[in-house]
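Asker: Got a structure for you, questions after.
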Amino acid sequence: MANDVEVTLEANPTSVEAHKFAAFRSAGVNRVSMGIQALNDPDLRALGRLHSAAEGLAAFDTARSVFDRVSFDLMYGRQNQSLNQWETELRQALSLDLDHVSLYQLTVEAGTAFGDRYKRGKLQGLPDDDLSADMYALTQDICLDHNMPRYEVSNHARDGSESRHNLIYWRYGDYAGIGPGAHGRLTLNGSRIATSQQRMPAFWLSGNNRETVEALSASDQATEYTMMGLRMAEGIDMDRYLRLSGREFRSDRLRELEEMKLITTAKRKIYVTDQGFSLLNGILRTLLDD
């Protein structure tokens, strides 16, 4: 491993104990990411979280007393949440002198508990598109004021404090998925392969786990590189896309997106604009649809 290796532990506030954290630190963990999610109790209950706001902040203090680098997640666009409420909560979080924070907008996915609740009409008070866009824009402004610019759609950091673990994904590097439910992308003997592990921990531990291995086509690789790379402020390299796919992006589609001020291009790089990040899925469809 590198001399300055980054080893991140993900932790929920309910699992934080000082002696455990000290043991993790001595074992080599040097960064912690915490699932705080909200800083008020009613919203935490609505999200199904098992900790209170006070417990979350206490866990954060415990983590920071042991580790030099502690990040946490917050979720916005929650039920009945106003723009002013989100501003107050975000400023409270950033006042804790973080060097990294992940800020996710609540999305309702089919097949999840929230998706089922939404389908039954029991998920009222979600923000409309305009309020969601305002929340996203406000998030960027406040984080920039705190010298924590967006380096990825939902992630903000001080210079040099970006998550190296996640950068590997977004830059489409190689990573090994080892534990139950883990996915990986590896380059072996000149071929790019996708791996996935058995999801059930008990079955995985039994020794009967069979890793699924799938060779990725050039087209698949180019698509994955574009989808992951355009999430980042640093953009993607058109020459790398050409090497992966064997073809260029369509110039008329690039021009269309530039005219709409959703992307910019320079020196064979594509960058998503501030306006474009709110419409990233549409940008990807435009660039990747045959």
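Asker: For Asp68, work out the one condition from (1) surrounded by fewer than 20 Cβ atoms within 10 Å (Cβ to Cβ); (2) closer than 23 Å to Leu138 by Cα; (3) charged (D, E, K, R) it doesn't fulfil.
Answerer: Asp68 satisfies all of (1) surrounded by fewer than 20 Cβ atoms within 10 Å (Cβ to Cβ); (2) closer than 23 Å to Leu138 by Cα; (3) charged (D, E, K, R) except (2).
Asker: Counting just the residues of the range 265-290 that are of a type in the set (A, V, I, L, M, F, W, C) and without any contact (Cβ under 8 Å) to a residue 24 or more places away in the chain, which one comes out surrounded by the most Cβ atoms within 10 Å (Cβ to Cβ)?
Answerer: Ranking the candidates gives Leu279 first.
Asker: If the requirement is being in the same structural domain as Asp43 (by TED's automatic domain parsing), touching a Gly at 6+ places or on another chain (Cβ under 7 Å) and more than 23 Å from Asn281 (Cα to Cα), which of these qualifies: Asn80, Asn147, Asn84?
Answerer: Just one listed residue meets the conditions, Asn80.
Asker: May I pose another question? Restricting the first residue to the range 41-52 and requiring it to be modelled with pLDDT under 90, which pairs with a second residue that is part of a helix (DSSP H, G or I) and aliphatic (A, V, I, L, M) meet a Cβ separation below 9 Å and a spacing of at least six or different chains?
Answerer: Close Cβ pairs (under 9 Å, with a partner that is part of a helix (DSSP H, G or I) and aliphatic (A, V, I, L, M)) amount to Gly48/Ala113; Leu50/Leu44.
Asker: Can you name the condition, by its number, that Tyr225 falls short on among (1) in contact (Cβ under 8 Å) with a residue 60 or more places away in the chain; (2) touching a Phe, Trp or Tyr at 6+ places or on another chain (Cβ under 9 Å)?
Answerer: Condition not satisfied by Tyr225: (1).
Asker: Output the residues belonging to the range 109-133 that are in contact with an Asp or Glu (Cβ under 9 Å, 6 or more places away or on another chain) and part of a helix (DSSP H, G or I).
Answerer: Gly115
Asker: Now a separate question. Could you list, in sequence order, all residues of the range 184-199 that are surrounded by 12 or more Cβ atoms within 10 Å (Cβ to Cβ) and either assigned to a loop (DSSP other than H, G, I, E, B) or under 21 Å from the mean Cα position of the chain (by Cα) (or both)?
Answerer: Result: Gly184, Arg185, Leu186, Ala194, Thr195, Ser196, Gln197, Gln198.
Asker: Let me ask something else about it. Just to verify a result, which residue in the range 239-264, among those that are within 18 Å of Tyr172 (Cα to Cα) and in contact with a Ser or Thr (Cβ under 8 Å, 6 or more places away or on another chain), is surrounded by the most Cβ atoms within 10 Å (Cβ to Cβ)?
Answerer: Tyr241
Asker: Here's something else I'd like to know. Can you confirm whether the range 49-62 contains a residue that is of a type outside the set (D, E, K, R) and within 22 Å of Leu279 (Cα to Cα)?
Answerer: Among the residues of the range 49-62, not one is of a type outside the set (D, E, K, R) and within 22 Å of Leu279 (Cα to Cα), which makes the answer no.
Asker: Right, another one. Mind listing whichever residues of the range 115-133 are touching a residue at least 40 places away in the same chain (Cβ under 8 Å) and either surrounded by fewer than 14 Cβ atoms within 10 Å (Cβ to Cβ) or of a type in the set (Phe, Trp, Tyr) (or both)?
Answerer: Passing the criteria: Gln124, Gly125.
Asker: Mind checking whether some residue in the range 147-170 is more than 30 Å from Leu83 (Cβ to Cβ) and either part of a loop (DSSP other than H, G, I, E, B) or among the charged types (D, E, K, R) (or both)?
Answerer: Checked the range 147-170: at least one residue is more than 30 Å from Leu83 (Cβ to Cβ) and either part of a loop (DSSP other than H, G, I, E, B) or among the charged types (D, E, K, R) (or both).
Asker: Can you pull out every residue in the range 243-285 that is over 17 Å from Val153 (Cβ atoms), of a type outside the set (Gly, Ala, Ser) and in a helix (DSSP H, G or I)?
Answerer: If the condition is that a residue be over 17 Å from Val153 (Cβ atoms), of a type outside the set (Gly, Ala, Ser) and in a helix (DSSP H, G or I), then Arg243, Leu244, Asp252, Arg253, Leu254, Arg255, Glu256, Glu258, Glu259 are the ones that fit.
Asker: Taking the range 14-28, which residues are assigned to a helix (DSSP H, G or I) and either at pLDDT below 85 or of a type outside the set (Phe, Trp, Tyr) (or both)?
Answerer: Thr14, Ser15, Ala18, His19, Lys20, Ala22, Ala23, Arg25, Ser26, Ala27
The values are calculated or read from the model by the stated rules, or taken from the named source; none is laboratory data. Owing to the predicted nature of the structure, the values given are computational and were not obtained by experimental measurement. All Cβ positions, even for glycine, are placed from backbone atoms using ideal geometry, and neighbour counts span all protein chains on display.
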